[in-house]
Amino acid sequence: MPGTSQTRVLFVWEQGGGLGHLSHMRLPMEVALAQGAAVFLAARELPGVRDVLAGLPITLLQAPFRQGVKPVPAASFLSYTHLLARQCFGSADELEMYVRAWRALFALVQPDICLFEHSPTALIAAHGYAFKKVLLGASFVLPPANVLVASPFLPFPTTQLNPDTVAQLRADDAQLLAQVNAVMQRLSSPALPALGAIYGQAHGSLLCTWPLLDVFGERPGVPYLGSAPTAAQLSPPWPQADGPKVFGYLQNFPSLPQLLRDLQAAKVCALLLVRDLPPALRTAFSSPTLRFIDQLVDLNQVAQQAAWVLHHGNHSTMATFMLAGVPQLTIPRHQEQLFTGLQLVQKGGVLKAFQDQPSYAAAIAAVLQPPIKQRALQVASQCEPFDQAAVQDHIQQILVNLCFE
C-alpha cells in the first residue's frame, strides 16, 4: 500500500500486439519479486497475461492507449515521429487525456521504478516525475542513445532521405514536439527539449534481443540480453501426411487465400495457427495435408520438427527459430516486423514476402532449398545461447542500483 517502505515496481505496456511484449517482462518481474517488491502491471492486452505471466503475484491494471486506430499503409510511416503521431495521439487535446490517465495510474501505484515496454505516451506522461525509469524490450522500442538528439527523429531504414523528405520530417518533428509541449505547459510540467527526450529521460535499459536482430545496428558496449525461450505449450499436432513439415503463425491478411492455395499445391505437411481466420477459409482449406489450430503450440518443439516456418516477423517468434537454425518465410504486417526480418534477410537464412502478393509459389519453393537451411544454421552459430542466470544477474544489478539500495 502507498506509504509503506516496500519498493513498488510498475511495468507498463502501451503499444504493439502479441505475447512478446509480455514475455520480456517475466524475468524482470521475477527479479523484482525476489527482492521483496510489490509488482504492478498496466497492460495493453490483458488476455495474454495468464499465459505468459501465470503464477506471478502481481497486481494487474488496464493500460490507457489510443483505441480505434485505423490502419494506414506502412509506407506512410517514414519515421518514429509518424509512428507516434498516428498510433499514440492525433492532437494536443487527445494527448492531454492520455497523459492525465497515465498520471492517474502513477498516482494510484506510486511507483519507485517504472519499466516501459513500448510505451511512448506513458513516457511522455512520466516526464518530470522523480521515480526511476527503465526502457524494456526489443531493439525497435529502444532507440539508441546516440540518435536521440537528432532531427529528423529516427527515420526508418526504408526511408529515402532526399532534401525534400528531410525538410518535411523536420517540420513533422517540430509539429509533434509543439503538441507534446503544449500539453506539458497545460499540466505545469517541464517542456521536452526534443522528441528524443521521451526516451532520453530513462535511467537504464534492458535490451531484449541479439545483435543480429537489432534494427538500428549493433550497439557497441550495450549489453544484449537475448529473449527468454517461449513457455512450454502443447505438442504440435501435425497432420498425418507426407511432405516437409511447415508451421505457420499468422493473422488474417489480404492474400491469405492465395498462400493457402500455394501451400496445398506444394504438397507440404502444414500446421497453421491463424488469428481471426474466417470460418469459410477454414472449411475450404482444411485437408489431410493442411490443419488449422486455435491454440499456440510449443515453438521449441516446432523448431526441432519443422523443415521451415512461416510468420509475420514478430521478434520473439523470429528469435526462437533463428537460434534453432530453422529457415523462415516472413510476411511482415508493420514496420517493426519488416525491419527485424530485414536483418536476417541480409544474412540469407530468412526470405521475405508481402501480404498482398498474387502468388507465394516461388517463395515456398525457394525456402525448401538446401542453401537456405545452411545459411540459417550459419546465423544460429553466430548467436550466443540465452543465459538465464547471467540475464537475471544483470537485471538484478540494474534494479538494485536504482531502487533497492
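Would you mind estimating how fast the stretch 83-210 diffuses translationally, via Stokes-Einstein at 25 °C and 0.890 mPa s with the Kirkwood radius over Cα pairs, in µm²/s?
On the way: Rh = 15.4 Å.
My calculation gives 160 µm²/s for D.
Cross-linked pairs LYS132/LYS347; LYS70/LYS347; LYS70/LYS132; LYS267/LYS373; LYS133/LYS347: Cα-Cα separations exceed 30 Å for LYS132/LYS347; LYS70/LYS347; LYS70/LYS132; LYS133/LYS347. The mean sequence distance of close C-alpha pairs (under 8 Å, at least 6 residues apart), as a share of the length of the chain, puts its relative contact order at 15 percent.
Extending 7 Å from the Cα toward the beta-carbon at both ALA366 and ALA241 defines two label points whose distance is 2.4 nm. In this rough spin-label picture, where each label sits 7 Å from Cα along the Cβ direction, the LEU296-ARG186 distance is 3.7 nm.
Would you mind classifying the stretch 319-403 by shape? Square roots of the alpha carbon gyration tensor eigenvalues, ordered a ≥ b ≥ c; an a/c under 1.5 is rounded, otherwise it is prolate if a/b is larger than b/c and oblate if not.
Details: a/c = 4.18, a/b = 1.93, b/c = 2.17.
Because a/c hits 1.5 or more and a/b fails to exceed b/c, the stretch 319-403 counts as oblate.
Only helical runs count toward this figure. For the chain, summing -39,500 (n - 2.57) over DSSP H runs of n ≥ 4 and dividing by all residues gives -11500 deg cm²/dmol at 222 nm. Against the main long axis of the alpha-carbon atoms of the chain, helix 92-109 sits at an angle near 80°. Mean separation of Cα pairs under 8 Å and 6 or more residues apart, divided by the residue count, gives the stretch 315-371 a relative contact order of 34 percent. Where both bridge residues fall in the chain, DSSP classifies roughly 5% of the beta bridges as antiparallel. Here's the picture: a label point sits 7 Å out from the Cα of GLN264 along the beta-carbon direction, and within the stretch 343-387 nothing has its amide nitrogen under 11 Å of it.
Shape analysis of the stretch 74-144 places it in the oblate category; the axes a ≥ b ≥ c from the Cα gyration tensor give an a/c of at least 1.5, with a/b not above b/c. Ignoring aspartates and glutamates fewer than eight residues from LYS352 along the same chain, the ones with Cα atoms less than 14 angstrom from its Cα are GLU336. Working from Cα positions, state the angle (0 to 90°, nearest 10) between the long axis of helix 163-186 and the longest principal axis of the chain. Rounded to the nearest ten degrees, it is 50. For the stretch 209-310, the spread of Cα positions along the three principal axes, ordered from largest to smallest, is 52, 29, 23 Å.
What percentage of the solvent-accessible surface of the stretch 184-323, computed with a 1.4 Å probe over protein heavy atoms, is contributed by carbon and sulfur atoms? Walk me through the intermediate numbers first.
Working: 3030 of 5880 Å².
C and S atoms contribute 52 percent here.
I need the calculated FRET efficiency for the pair SER5 and ARG86, taking r as the beta carbon distance and R₀ as 56 Å, to the nearest 0.05. Please report the intermediate quantities before stating the final value.
Numbers: r = 43 Å, r/R0 = 0.77.
The value I calculate is 0.85.
Annotation for ALA228 and GLN67: the two label points, set 7 Å from Cα along the Cα-Cβ direction, are 2.9 nm apart.
Summed over the residues of the stretch 35-99 and divided among them, the accessible surface reaches 48 Å² per residue at a probe radius of 1.4 Å.
Judged by the gyration tensor of its Cα atoms, with axes a ≥ b ≥ c, the stretch 354-405 is oblate; a/c meets the 1.5 cut and b/c is at least as large as a/b.
Could you sort the peptides 217-227, 241-251, 357-367 by per-residue average Cβ neighbour count (10 Å cutoff), highest mean leading? Present the calculation step by step, with values, prior to reporting the outcome.
Details: 217-227: 14.6, 241-251: 18.5, 357-367: 16.5.
The packing order, highest mean first, is 241-251, 357-367, 217-227.
The values are calculated or read from the model by the stated rules, or taken from the named source; none is laboratory data. Just so it is clear, the structure is predicted and the values come from calculations on it, not from any experiment. Cβ coordinates were reconstructed from backbone atoms using ideal geometry, including for glycine residues, and neighbour counts include every protein chain displayed. Note: areas computed on protein heavy atoms with side chains; ligands, DNA, RNA excluded. Shrake-Rupley method; radii C 1.70, N 1.55, O 1.52, S 1.80 Å.
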